[in-house]
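Reviewing the structure listed below.
The values are calculated or read from the model by the stated rules, or taken from the named source; none is laboratory data. From a predicted model like this one, the values you see are computed outputs, not experimental measurements. Here the Cβ is made from the backbone with ideal geometry for all residues, glycine too, and neighbour counts use every protein chain on show. Surface accessibility is based on the protein's heavy atoms, side chains included, excluding ligands, DNA and RNA. Shrake-Rupley method; radii C 1.70, N 1.55, O 1.52, S 1.80 Å.
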Amino acid sequence: MAVRKKHLFDWPQQELGAYGQALGHPARVQILEVLSMRGRCSFADLSERIPLATTTVAFHCQKLKSLGWMELCSLDNGEAGYRLSKEAVQDAVGAIQLFCMRLMLDAA
């Protein structure tokens, strides 16, 4: 059994790793783009727009939900749907910008 060693890294490193995980597959990037453009949509709508099997799209949606990048919402027809978590995106932008600025300053 593998031993998790995530606790050996500080919080900013863990946070940046989670952002990398969210953006680490083209399907997840495309799901986020669809949610950004459409605002809210059903899983059926998402799975029609992603060129993968429905179960694979479900896996990637679950991963994005667990990382906080997308959240459940109610659609106009009363059904459950998904939307992009703007707060998660804002947090990611801030953390990634800060990290990149630190790298550039340290490399100078």
Q) Between a first residue in region 54-77 that is closer than 15 Å to ALA88 by Cβ and loosely packed, with under 13 Cβ neighbours inside 10 Å and a second residue that is at pLDDT 95 or above and among the hydroxyl-bearing types (Ser, Thr, Tyr), which pairs have beta carbons less than 8 Å apart while being 6 or more apart in sequence or on different chains? A) LEU72/TYR82
Q. So is ALA88 touching a strand residue (DSSP E or B) at 6+ places or on another chain (Cβ under 9 Å) and buried (at least 16 other Cβ atoms within 10 Å of the Cβ) or not?
A. yes
Q. Under 8 Å by Cβ, and 6 or more places apart or on different chains, what pairs join a residue from region 13-32 that is within 19 Å of LEU72 (Cβ to Cβ) with one that is among the basic types (Lys, Arg)?
A. ALA22/ARG28; ALA22/LYS63; ARG28/LYS63
Q: Could you tell me which numbered condition ILE96 fails, if it satisfies all but one of (1) of a type in the set (Val, Ile, Thr); (2) modelled with pLDDT under 95; (3) surrounded by fewer than 15 Cβ atoms within 10 Å (Cβ to Cβ)?
A: (3)
**Q.** Residue ID - farthest from SER85 (Cα to Cα), chosen from residues in region 36-53 that are in contact (Cβ under 8 Å) with a residue 40 or more places away in the chain and either open to solvent by 60 Å² or more (accessible area, probe 1.4 Å) or outside any strand (DSSP E or B) (or both)
**A.** SER42
Q: Looking only at region 1-35, count how many residues are in a helix (DSSP H, G or I) and more than 24 Å from CYS100 (Cα to Cα).
A: 4
Q: Determine, yes or no, whether ALA95 is of a type in the set (A, V, I, L, M), at negative phi and touching an Asp or Glu at 6+ places or on another chain (Cβ under 8 Å).
A: yes
Q.
Would you confirm, using the coordinates I've provided, whether ARG102 is loosely packed, with under 14 Cβ neighbours inside 10 Å, out of contact with any helix residue (DSSP H, G or I) (no Cβ under 7 Å at 6 or more places or on another chain), in a helix (DSSP H, G or I) and of a type outside the set (Ser, Thr, Tyr)?
A. yes
